[in-house]
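Novice: This is the structure I have questions about; it appears just below.
The numbers here are math on the coordinates, done by the rules we state, and not lab data. Being a predicted model, the structure only gives us computed values, none of them experimental. Cβ sites come from the backbone with ideal geometry, for glycine too, and all protein chains shown count toward neighbours.
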Amino acid sequence: MSALPYGELRISAQCDATVDRPMTATAAALREALLRGAEERLGLRVAAVDVHVAGLLESPQTAAQPAPGGPPDPPPPGARENARSGNGAPDVPGVLDRDVLRDGEHAEVRVVLDSAHRALDVALAVRAGTDAATVTVLVTDIR
């Protein structure tokens, strides 16, 4: 979330398909899972889901391997503030951990959420309770 008004989103996804299932079926299943997850688990309105099948796998076993990449880069030294130190980020039910990065009147709040709470509801509560002129809430993980 950002300081901009919330609206419908467009999701872009890339996946590999296996030879034992049609590519269109794989893309349709991924599209449905993303739409359902965005609405039910995150509380987000999605206008469209674009799925690009990037590769063809010969065996279903190779499809279960995690995609390359990892967590986002850590903030620069000195920019991270622990939320427990009274930095203006509120205590909100559903937040397991958070970091606040300040840049003048703007705050970026990075949160790890409890999966029992809808991400949108928690992010809006964090945003509303943070003492900065503009606030971005970035959900880094849901557990």
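Novice: Leu44's amide H: which non-local residues (gap 5+, or another chain) put their own amide H closer than 5 Å, with H modeled 1.01 Å from N in plane and none for Pro or chain starts?
Specialist: The list, which skips near neighbours in sequence, is Glu39.
Novice: So who's got an amide H within less than 5 Å of the one on Val137, skipping anything under 5 residues away but keeping other chains? H placed 1.01 Å off N, in plane.
Specialist: For Val137, whose amide H was placed from the backbone, the distant partners under 5 Å are Ser2, Val109.
Novice: Here is a further query. Local charge sum around Leu56 (other residues, Cβ-Cβ under 15 Å, Lys/Arg +1, Asp/Glu -1)?
Specialist: After counting each charged neighbour, the total is -2.
Novice: Still on this structure, please answer the following. Quick one: if you stick a label point 7 Å off each Cα along the C-beta vector at Asp91 and Arg143, how many nm between them?
Specialist: Between Asp91 and Arg143, the simple spin-label model gives 1.9 nm.
Novice: If Lys and Arg each add +1 and Asp and Glu each add -1, what is the summed charge of the other residues whose beta carbon sits under 11 Å from the beta carbon of Arg118?
Specialist: Spelling it out: positives minus negatives among the neighbours equals -3.
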